[in-house]
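In what follows, a structure is listed as structure tokens, so that the remarks can point back to it.
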Amino acid sequence: MKNKVLLLCFCFVRTVSGQVDSVTNNRFSSWYSDMEYAIEDLVSEGDEETDCSELVEKMVHYSDHRININCPDYEGLSEIGISDWQLYNLQKYLSLYGTIYSWNELSMVPGWSESVVKKYMPFIELSAVQKDDEKSWKSIWKQGRHSWLMRYGQVLESQAGYASDGNGRAYEGKAFGMMCKYVFRSKDKLQLGLVAEKDAGEAFFKGGNKAGFDYYSMHFFVKNIKCFKSVALGSYRLSFGQGLSMNKDLMYGKPPNSVDLYRQSRLLKPHTSSDEYNYLHGAATVIDCKVMDLLLFYSFCYRDAVLKEDSVGGTYITSLQQTGYHRTAVEASGKNSVQEQMAGMYINFNRSAMHIGAAFYYTRYSFPWQSGQALYNAYKFSGLWNINASADYKFLWRRTSWYGELAVSANKGLATMHGVNLNIHPKFTLAVMYRYYSPRYQCVHAGAYGENSGNANERGIYVGFNAILGKRITCNAYVDYFMFPWLTYRVDAPSDGWSAKVQLDYEASRYFSVNLRVKYKTRALNYDTGGYNEIYHYNKQHYQFQCVWQPLANLQLRTKIEAVNYRLRPQEKYHQGYWVSEDIKWQIRRWNLSLAGRFALFDTYSYNERISVYEDDVLYAFSSPSLYNKGCRMYLVLHYQPCKIMHIWAKIAQTYYHNMQHIGSGLSEIQGRHKTDVKLQVQFKW
């Protein structure tokens, strides 16, 4: 405890001295961007198992290919977080006054404050509008850029799954993971690529993977060919409306900004990441029909699934597997074991201040679904096929933005959500959203906002606001009340709960900022009393303090302190968890070298107080480990560019536990107190 107090005092002193020094050092870091803040917000609010590699890739793409505000890609702007109200005002300003010449002028557009412009500056630019001449395929190919990426990763310590027990090893392959990725892109016109990946423990050119890698994905994507706005072949992603009937984009819980509830992304885009589940495979196109856009798609996918046999010898599906792991004989037996066919359409009417859309698609599986005998599964999808249909809308009126969606499944299950954003003042925005997802609603590919997974068996109301309290202080907060009309996993009765967050951001100068976040959540959970389950509402409180200091143009320091309080029953006391970390980012421009590192201490009572923190990684990779018990975590990431076409990344990370003799369990168990991960990645761009 004494060491904790000393470390907290050190961080406080470093914070205060950083604020003083930043005033006297008038320098600006060109290499650091707010992109990392956006990713950290999504990670902290999302599920700890969420794969954010697709989000990381999207952010890197837009930082490398900035959107021209004077000839904007409105779908791209919405993908990086620009609200529909801001998009409408930008479109109106450009039509009235034409080209925007400066950042100050952009900040004068209603809804585009100075802080908004600064936040999205890494992804946008101000350039003159150039005429888009028709180009031949030969010139398009000639102007394209190639990218070839290879990644290697491994846990250095020996894990139980790789040890021989006399009958062979549980894991078929060796302890390293590999990924190769090729992408050809010609501006925003043409893109094609190939992704191949092998996870650690999976066989390589032997056993169940005689073709080499465990996972292959190909995509071909082209835009603006006569009446075809876009055409996708191979692997692709779809997203309709608010996601009640289809959402293959990243699905997170609470929004990073408390008023950004409206979800708008591209209808159709290629699948370029190594995610082995969240995509479709086949053909899709968006057709420009003058008064509307028409999306048509067909998908034929092999999915990983858990299959069982009934008493008469029939085979049925209990669940789809999303991990993509095929390391053991059991995991490999479920690989590509189910065929999924989908066909459908989406109609999209778009006007400057109004949008109406409607979707309809059919899904069929090679085996019927049967979700189990537990009572909370009573309304889950069962059978060979399903039909999903939905209608969504959005319209702007005065300073308000209204949106919503209504979806229905083949069994007449209903799901609906409706919300409004009130831009009451340039410095104050209020958001309200109501949702009702019937227990009977069934949709395997849904991904709308919600507390429960699957967008079923839930109703709730959300209220949030974002306020600019001063020139340097902003505040955003929300309260979300939810209830579950039917049983849920680990809760043997209808239940309810609520969550809340308050966040304050203070920018003392261009080189020093402070962030304070407080979150609270209470939700029902079974408690085994020895013979039957009682239901209690657990309480979880999360406090986070962070300061970022830029002492030099090529150096950044970041201090983060987190505390978690958890209590399962009212008669129990709160248990605590703590995290203290120091980050450093250093760029040596003369050597084309950059370094990022962290040293952190953590101490939690149990797994319930675990802390997940986003950390730097090699390009396109994602890392957010969940840490508990007592120990430390450290890592170092190196990026070196020896020549114009070549980039090299290397990462080494280690977690050391003070009070554990083994780490993990089952086949991933490590005998010892530390776990070390290494990654090496090379990319060629020409």
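The values are calculated or read from the model by the stated rules, or taken from the named source; none is laboratory data. Note that the structure is predicted; figures quoted are calculated from it, not measured. Note that we place each Cβ from the backbone using ideal geometry, even for glycine, and neighbour counts take in every protein chain shown.
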If LEU619 meets every condition in (1) touching a residue at least 12 places away in the same chain (Cβ under 8 Å); (2) in a loop (DSSP other than H, G, I, E, B); (3) touching a Lys or Arg at 6+ places or on another chain (Cβ under 8 Å) apart from one, which number is that one? (3)
Hey, any hits in segment 296-317 for a residue that's within 26 Å of PHE395 (Cβ to Cβ) and aromatic (Phe, Trp, Tyr)? no
Can you find a residue that is modelled with pLDDT of 80 or more, touching a Phe, Trp or Tyr at 6+ places or on another chain (Cβ under 6 Å) and part of a helix (DSSP H, G or I) anywhere in segment 107-130? yes
Are any of the residues in segment 323-339 part of a strand (DSSP E or B) and under 25 Å from the mean Cα position of the chain (by Cα)? no
Considering only residues that are among the polar types (S, T, N, Q), on the phi < 0 side of the Ramachandran plot and part of a strand (DSSP E or B), look in segment 224-252 and name the one that is surrounded by the fewest Cβ atoms within 10 Å (Cβ to Cβ). SER239
Would you mind listing the strands (runs of 3 or more DSSP E) fully within segment 367-439 where at least 3 residues are in contact with a Ser or Thr (Cβ under 8 Å, 6 or more places away or on another chain) and closer than 25 Å to SER115 by Cα? 414-425
So how many residues does segment 579-595 have that are surrounded by 15 or more Cβ atoms within 10 Å (Cβ to Cβ), farther than 28 Å from ASN659 by Cα and of a type in the set (A, V, I, L, M)? 2
Return a yes/no flag: does segment 481-495 have any residue that is part of a strand (DSSP E or B), under 29 Å from ASN533 (Cβ atoms) and basic (Lys, Arg). no
When only residues in segment 506-543 that are outside any strand (DSSP E or B) and hydroxyl-bearing (Ser, Thr, Tyr) count, which is nearest to VAL564 (Cα to Cα)? THR529
Hits in segment 85-99 (condition: closer than 24 Å to LYS187 by Cα, assigned to a helix (DSSP H, G or I) and either of a type in the set (Val, Ile, Thr) or touching a residue at least 40 places away in the same chain (Cβ under 8 Å) (or both)): GLN91
Being farther than 23 Å from ASN377 by Cα, surrounded by fewer than 23 Cβ atoms within 10 Å (Cβ to Cβ), touching a residue at least 12 places away in the same chain (Cβ under 8 Å) and not aromatic (Phe, Trp, Tyr) is the requirement here; does ALA477 meet it? yes
Every residue in segment 566-577 that is more than 16 Å from PRO625 (Cβ to Cβ) and touching a residue at least 40 places away in the same chain (Cβ under 8 Å), please. TYR566, LEU568, ARG569
Identify, please: which residue in segment 425-454 is β-branched (Val, Ile, Thr) and in contact with a strand residue (DSSP E or B) (Cβ under 6 Å, 6 or more places away or on another chain) and is, among those, surrounded by the most Cβ atoms within 10 Å (Cβ to Cβ)? THR429
Can you tell me which residue in segment 348-359 is modelled with the lowest pLDDT, limited to those that are more than 26 Å from the chain's Cα centre (by Cα) and in a strand (DSSP E or B)? ARG351
Residues in segment 143-165: is at least one free of Cβ contacts under 8 Å to residues at least 12 places away in the same chain and part of a loop (DSSP other than H, G, I, E, B)? yes
Let me spell it out: the conditions are (1) within 26 Å of SER273 (Cβ to Cβ); (2) hydrophobic (A, V, I, L, M, F, W, C); (3) surrounded by 15 or more Cβ atoms within 10 Å (Cβ to Cβ), and CYS632 meets all of them except one. Which number is the exception? (1)
Failed criterion for SER102 (all others in (1) more than 30 Å from TYR656 (Cα to Cα); (2) free of Cβ contacts under 8 Å to residues at least 24 places away in the same chain hold): (2)
Name the residues in segment 204-223 that are surrounded by 15 or more Cβ atoms within 10 Å (Cβ to Cβ) and under 28 Å from ILE140 (Cα atoms), would you? SER217, MET218, HIS219, PHE220, PHE221, VAL222, LYS223
Sole residue being of a type in the set (Lys, Arg), outside any helix (DSSP H, G or I) and surrounded by 16 or more Cβ atoms within 10 Å (Cβ to Cβ), chosen from LYS181, LYS174: LYS181
